[in-house]
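Notes to accompany the following structure.
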Amino acid sequence: MNAPSAVPGEAELESIREGGLHPFGVLPARAALGSTMLYHGVQKLRDTEKAGGGFESIGIKPGKRWAIATGLAEAFAGASTLLGVLTRPAAVAVLVTQSVAIAEVHGKNGFEAAKGGYEFNLALMAIAADLLFAGPGRLSLHRRLDRGLAARRAPFTARRFTGLARGWSR
């Protein structure tokens with residue numbers, strides 16, 4: 001009888017590459033990060049004057065343009081993360097926006113979120129980093145689109161290969 005190996009086999013590695021050991025593996029992370037970023041992005045876009053004023057007050061000028069750019073980045077990151085499509089670019093957008101938030105606003109207040117610190121930003125960044133490495137997971141629009149495209153390409157590819165094989169055998 002063989003002892004269990006500490007090294008994952010091909011099946012385990014494929015499962016990890018496909019989004020983890022469970023189809024719902026990254027879904028809670030996507031839901032938490034996506035809804036938070038979508039909310040904050042839309043909030044900035046709804047009142048660009050107020051958001052722009054906030055940016056100007058911390059020295060980021062022109063405030064309104066940066067508020068719109070940040071709002072769009074956050075809304076994109078949120079929607080993409082929720083849907084599970086373009087998840088990695090969305091994660092990068094979160095990492096960038098939250099790094100700026102820490103550097104310009106929250107860092108000077110220390111760690112504790114209740115005191116205006118960077119605790120919450122760091123949690124968002126940790127989730128984004130996880131999704132950057134793991135991808136969207138099994139239950140995602142990305143996977144659905146990828147499978148749909150593969151199914152459309154497969155018959156064409158098979159026919160082409162079969163035709164080539166027939167040509168070689170003559």
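All of the numbers you see were taken from the coordinates with simple rules; none came from a lab. Computed from a prediction, not measured in an experiment: that's the story for all the values here. Every residue, glycine as well, gets a Cβ built from its backbone with ideal geometry; the counts of neighbours run over all protein chains shown.
Summary table
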| item | result |
| --- | --- |
| Relative contact order for region 59-161, counting Cα pairs under 8 Å that sit 6 or more residues apart, in percent | 26 |
| Theoretical FRET efficiency, 1/(1+(r/R0)^6), r = Cβ-Cβ of Val100 and Arg152, R0 30 Å, to 0.05 | 0.15 |
| Burial order of peptide ranges 39-49, 73-83, 127-137, 109-119 (average beta-carbon count within 10 Å, highest first) | 73-83, 127-137, 39-49, 109-119 |
| Sites Leu122 and Thr48 - FRET efficiency at Förster radius 35 Å, r taken between beta-carbons, to 0.05 | 0.85 |
